[in-house]
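A.B. asks: Would you mind keeping the following structure in view while I ask a few things?
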Amino acid sequence: MRTITYRATAWSLALLACLTAAVSHAQQMQRFGEFELHYIVIPTTTLQPDIAARYDISRGKDKALCNISVIDANGKGVSAVLEGSTQNLLGQRQDLSFREVVDGDAIYYLATIRHANEEVHRINIDARVQASSGVKAASTNLKITQKLYWSE
C-alpha cells in the first residue's frame, strides 16, 4: 500500500512540475489569421538608458512600455495598424499612441503607459494587417489585464 501511495505522490509531483514548466515558458502571444501578435508590458526602468535613448523612450518609475510585434507564418515581422487604450480600475483611461520601430527585419510597435504603483490596467488593442500580394487581411482584438509596479 505504501508503494502505491508513494508512486501516486511521485507521479502527481512529476505531472505538476511538467505543467508548471509549460506555463512558465508560455509566450505572450495571440494567433489571428496567418499571423501571431506577440506582446509584453515591462517597466521602462528595466531598459538600459542608452537603449531607451536610442528608441526615444522616456524612462520613469511610473511608466511601463507596451511592446507589440506581428509575425507572419514565416517568422518575419510585418507592418500593422495598432490602436489601443488602457484603463485602470477607477475608470481613468489613456489612449495608447503606438510608434513603429524598424530594426533590421524586426518591426516593433511601442507605447508608454503611465501608472500608479500596484495599479491594475486593462489594456485593449486592435491590430490590423492590410492585405497585400499573397497576404490576406486579418485583424484581432487583444485584451490584457496586468498589474503594474513602480520600479527604480
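A.B. asks: Could you give the length gained on full extension between Phe32 and Gln87, defined as 0.36 nm per residue of separation minus the Cα-Cα distance, in nm?
C.D. replies: Working: separation 55, 0.36 × 55 = 19.80 nm, distance 2.41 nm.
The span from Phe32 to Gln87 would gain 17.4 nm if fully extended.
A.B. asks: At 0.36 nm per residue, and after removing the present C-alpha to C-alpha distance, how many nm does the segment from Asp95 to Ser132 gain when stretched out fully? Write out the running numbers ahead of the final one.
C.D. replies: Values: separation 37, 0.36 × 37 = 13.32 nm, distance 2.84 nm.
Taking 0.36 nm per residue and subtracting the Cα distance, the gain is 10.5 nm.
A.B. asks: Sticking to Cα atoms, compute the Rg of the range 28-148 to one decimal and its Dmax as the biggest Cα-Cα distance, whole number, in Å.
C.D. replies: Cα-based Rg and Dmax for the range 28-148 come out at 14.7, 46 Å.
A.B. asks: Using each residue's phi in the range 84-93, evaluate 6.51 cos²θ - 1.76 cosθ + 1.60 at θ = phi - 60° and report the 3J(HN,Hα) Karplus result to the nearest Hz, with x for Gly and Pro.
C.D. replies: With coefficients 6.51, -1.76 and 1.60, one gets x, 8, 9, 9, 7, 5, 8, x, 6, 10 Hz.
A.B. asks: Additional query: Provide the packing ranking of 139-151, 114-126, i.e. peptides ordered by the mean count of other C-beta atoms within 10 Å per residue, highest first. Before the final figure, lay out each step's value.
C.D. replies: Numbers: 139-151: 14.8, 114-126: 17.0.
In descending order of packing, they fall as 114-126, 139-151.
A.B. asks: While we're here: What are the lysines whose alpha-carbon lies under 26 Å from the alpha-carbon of Lys147, with same-chain residues fewer than 8 places away excluded?
C.D. replies: Lys61, Lys63
All of the numbers you see were taken from the coordinates with simple rules; none came from a lab. None of the values given here were measured: they were computed from a predicted structure. Virtual Cβ from ideal backbone geometry, glycine too; neighbours counted across all protein chains shown.
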